[in-house]
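Participant: Take a look at the following structure, please.
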Amino acid sequence: MQGAIDEAVEALRAGQLVAFPTETVYGLGADARADAAVRRVFAAKGRPADHPLIVHLGSVDEVDAWATDVPDAARALLERFSPGPLTVILKRAEGVSDVVTGGQPTVGLRVPDHPVALALLRAFGSGIAAPSANRFGSVSPTTAAHVALELGDRVALILDGGPCRVGIESTIVDFSGDAPALLRPGGLDVEAIEAALGRPLADAPAGLRAPGTLASHYAPSARVLAVDARELDATVRAQAGRVVVLGHRDVEGIARIDLPEDPRAAARRLYAALREVDERGFDVAVVELPAPVGLGRAIADRLRRAST
């Protein structure tokens, strides 16, 4: 793997794009200090230029190179949960580009918890701007094969680190306002964050743009219907075309793609299952929403955006 890491570092320094694994999903990386390279990320994904990117770092010690006026609570949270599936939104430092931040005065930072990602970041020696390595709005990739299928030759190199351990994107917490606010539930439980802070998270502030927060996102080509458990059978029966249940419960006479009941197992499986819906040619996928606690909150968020 070291040879591949060295090749990836050379590609990043040459302004090329490198896909790499994290514990959440695979990222499409560019040198966060090189505007031309970052613009290639937007072009490869078809991503709107005002939709900010997360800067991945090799260590919490690098935060002050990218952010200013960092609150003590943000530092404590980073120290507690990094490396891990946590992104913090902070006031950006001088020199951080509008291209990375979507023109906002803030920047998203995180330290991923994957040995390949950390080896790459530490060998590169600077921040890597990286959204998920897929076409904008579609299902996030959790294997190297997903990246190749989505982006093909738009990427100079794909580092294969196996299937992602968490399977859904990082939790995003905003520290740029008066109180810490939840922008996106993700792979780190909101309850754990609130316990560490000693206070509940505020609602997302109006007008602040953050990755993965558009109404429609994480969507396969097939129609997705996310419903409460009591509505599952009736909803399935009401659909036309090729219908599949996405979940752990059978509906008689209807195909099923497994999505485990356990939230952590379901998170790891979620995006692969959504991809399988398209691969098998289904027109409609009906999925039961989990209880909105722990990782269930993040899974429900992704399913609602996939169904919009």
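Participant: When only residues in segment 243-273 that are small (Gly, Ala, Ser), closer than 23 Å to residue 24 by Cβ and touching a strand residue (DSSP E or B) at 6+ places or on another chain (Cβ under 6 Å) count, which is surrounded by the most Cβ atoms within 10 Å (Cβ to Cβ)?
Facilitator: The qualifying residue surrounded by the most Cβ atoms within 10 Å (Cβ to Cβ) is 247.
Participant: Select, from 208, 188, 214, the only residue that is assigned to a loop (DSSP other than H, G, I, E, B), crowded, with 20+ Cβ neighbours inside 10 Å and outside the structural domain of residue 300 (by TED's automatic domain parsing).
Facilitator: None of the others qualify; the one that does is 188.
Participant: Which one of the conditions (1) touching a residue at least 60 places away in the same chain (Cβ under 8 Å); (2) crowded, with 19+ Cβ neighbours inside 10 Å; (3) farther than 22 Å from residue 52 by Cα does residue 232 fail to meet, given that it meets all the rest?
Facilitator: Here residue 232 meets the rest and fails (1).
Participant: If you don't mind, another one. Could you grab me the full set of residues in segment 114-146 that are within 21 Å of residue 64 (Cβ to Cβ) and of a type in the set (D, E, K, R)?
Facilitator: 122
Participant: Looking at 169, 150, which is the one that is charged (D, E, K, R), within 26 Å of residue 209 (Cα to Cα), assigned by TED's automatic domain parsing to the domain that holds residue 96 and modelled with pLDDT of 95 or more?
Facilitator: That would be 169, the only listed residue that is charged (D, E, K, R), within 26 Å of residue 209 (Cα to Cα), assigned by TED's automatic domain parsing to the domain that holds residue 96 and modelled with pLDDT of 95 or more.
Participant: Can you find, within segment 58-92, the residue that is farthest from residue 111 (Cα to Cα) among those that are touching a residue at least 40 places away in the same chain (Cβ under 8 Å) and among the basic types (Lys, Arg)?
Facilitator: So, considering only residues that are touching a residue at least 40 places away in the same chain (Cβ under 8 Å) and among the basic types (Lys, Arg), the one farthest from residue 111 (Cα to Cα) is 91.
Participant: For segment 15-68, which residues satisfy the criterion of being surrounded by fewer than 19 Cβ atoms within 10 Å (Cβ to Cβ) and in a strand (DSSP E or B)?
Facilitator: None; the set is empty.
Participant: Then there's this: Taking residue 182 and the conditions (1) surrounded by 14 or more Cβ atoms within 10 Å (Cβ to Cβ); (2) in contact (Cβ under 8 Å) with a residue 24 or more places away in the chain; (3) of a type outside the set (Lys, Arg); (4) in the same structural domain as residue 43 (by TED's automatic domain parsing), which numbered condition does it fall short on, given that it satisfies the others?
Facilitator: Of the numbered conditions (1) surrounded by 14 or more Cβ atoms within 10 Å (Cβ to Cβ); (2) in contact (Cβ under 8 Å) with a residue 24 or more places away in the chain; (3) of a type outside the set (Lys, Arg); (4) in the same structural domain as residue 43 (by TED's automatic domain parsing), the odd one out for residue 182 is (2).
Participant: Please go through segment 265-295 and pick out each residue that is free of Cβ contacts under 8 Å to residues at least 60 places away in the same chain and either under 25 Å from residue 195 (Cα atoms) or assigned by TED's automatic domain parsing to the domain that holds residue 135 (or both).
Facilitator: Residues satisfying the conditions are 265, 266, 290, 291, 292.
Participant: Taking residue 135, is it under 27 Å from residue 305 (Cβ atoms), of a type in the set (D, E, K, R), at pLDDT below 95 and under 14 Å from the mean Cα position of the chain (by Cα)?
Facilitator: Criteria met by residue 135.
Participant: Also, quick follow-up: Give me a count of the residues in segment 138-164 that are at positive phi and in contact with a helix residue (DSSP H, G or I) (Cβ under 9 Å, 6 or more places away or on another chain).
Facilitator: Qualifying residue count, segment 138-164: 1.
The values are calculated or read from the model by the stated rules, or taken from the named source; none is laboratory data. For clarity, every value in this text was computed on a predicted model and none was experimentally measured. For neighbour counting, all protein chains shown are included, and Cβ atoms are generated from backbone atoms with ideal geometry for every residue, glycine included.
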